[in-house]
Amino acid sequence: MENMEKVRDMNSTFWKNKKVFITGHTGFKGSWLCLWLHSLGAEVTGYALEPPTNPNMFDLCKIDELVYSIKGDVRDYNLLSRSIAQAKPDIIIHMAAQPLVRDSYIKPIETYEINVMGTVNVLEAARHTPNIRAFINITTDKCYENQEWCWGYRENEPLGGYDPYSNSKACSELVTSSYRDSFFNIQDYPIHNMAVATARAGNVIGGGDWAKDRLIADSVNAMLNNEKIKIRNPHAIRPWQHVLEPLSGYLMLAEKLFFEGPEFAEGWNFGPDDKDAKPVEWIVSELCQKWGEGDYCVESGDHPHEATYLKLDCSKAMTRLHWSPRWTLGRALDSIVEWMRVYKDGKDLRAFSFQQIDDYTKTEVE
């Protein structure tokens, strides 16, 4: 495909023929990552449940034609360990999760089973699979003990989490730290040759997200159906960023782990510029304006607790990985509108997604 070749030409040859095992590849972020890795020439094996929504990006972009896809649950250790052993990956990127705050209040046991024991299972399976060079556990900015500070959280800040989702992700971070210390200690790196890191990103947005109770997904669904958008916390501020921003960070981190493991085997933040930390109401208003129609209202009633203010300090990633955000929040919202118009018009979403990845890689870092 022409679009895919353009993407490949814009990037390093590091990923060509690398074997990458991704958990959660049928989700929103996983689908974008599969496309990007395929465009770079990687051999991708995905392990996940069926796509969590209908419609979904995984099916619309026919990603099962591009990767070897295994349908499985990270709570099923036997199937997971066999799948990783058979894939013989160079790199594992663990993205499978129960990712929604509101669902975690409804299903706290399931949330902890997936987000904590799922992480244990992936790490344990990796421990018994030779030749893995890099392991990245994808968590969240919500893993920090949120004090509603006006400055960003750094990687050495205390972990915590008020709601079961956020807390389970803090637990996932602690599990990863324990496995790194116990089984993949950097002092023993010449023996095991596996570097383990975690990556914490902000609120990712982009075309192809239909997850319930997520602002952009709810807004787009409402606009496509000519319905009024309902928002719960209009003044809540989040570090909004296009999904390609943290994914670019994960790819850069994985390469560093592969070649220089011990120096980068730790936690990493990938968030937007401070100016792109905006209130919920601002986001919805801008999205309606860019779409050209639509309206919103504040939903009344009691809602589960969610953080009011949260952002990340990404100085470490910028300094040591030379990673920086490429797209402004305005450009990210434009890309969502463009993607959804292609969806609405029934055009080739896979080709357009490759084109957006290509556009992103061509954007100069300011």
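Just a few scattered comments:
- Global size of the stretch 191-335: 17.5, 60 Å for Rg and Dmax (C-alpha atoms, Rg to one decimal, Dmax whole).
- Placed amide H near TYR144: partners under 5 Å, 5+ positions off or other chain: GLY160
- As a ratio to 2.2 N^0.38 Å, the alpha-carbon radius of gyration for the stretch 246-325 is 1.54.
- For the stretch 192-271 and the stretch 25-45, distance of Cα centres in Å: 15
- C-alpha long axis of helix 329-344 to longest principal axis of the chain, angle in °: 80
- Between GLY46 and ILE22, TYR68, SER69, ILE70, the built amide H atoms are under 5 Å apart, and every one of these is 5 or more places off in sequence or on another chain.
- Vicinal HN-Hα couplings computed from phi for the stretch 200-206 (Karplus, 6.51 cos²θ - 1.76 cosθ + 1.60; Hz; Gly/Pro x): 10, 10, x, 6, 7, 9, x
- Each distinct pair of alpha carbons in the stretch 1-156 adds a 1/r term; the inverse of their mean, the Kirkwood radius, is 16.7 Å.
- With contributions of -39500 (n - 2.57) from each DSSP H run of at least four residues, the per-residue ellipticity at 222 nm computed over the chain stands at -12500 deg cm²/dmol.
- Model label sites at CYS150 and ILE186, defined 7 Å from Cα along the beta-carbon direction, differ in position by 3.4 nm.
- Cα gyration tensor category, rounded, prolate or oblate, for the stretch 150-271 with a/c compared to 1.5: prolate
- Under the Debye formula (equal points on every Cα, no solvent term), log10 I(q)/I(0) of the chain at q = 0.07, 0.13, 0.15 Å⁻¹: -0.27, -1.03, -1.44
- Remark on the stretch 93-207: hydrodynamic radius 14.9 angstrom, per the Kirkwood mean of 1/r across alpha carbon pairs.
- Restraint check, LYS71/LYS316; LYS169/LYS316; LYS71/LYS347; LYS212/LYS311, Cα-Cα greater than 32 Å: LYS71/LYS316
- Exposure proxy shown here: for TRP339, TRP36, TRP291, TRP282, the number of other Cβ atoms within 10 Å sets the order, fewest to most, as TRP282, TRP291, TRP339, TRP36.
- Were the residues from GLU338 through GLU286 laid out at 0.36 nm apart, the gain over their Cα-Cα distance would be 17.3 nm.
Every number in this text was worked out from the coordinates using simple rules, so none of it is lab data. No experiment lies behind these values; they were computed from the predicted model shown. Cβ atoms come from the backbone with ideal geometry, glycine included; neighbour counts cover every protein chain shown.
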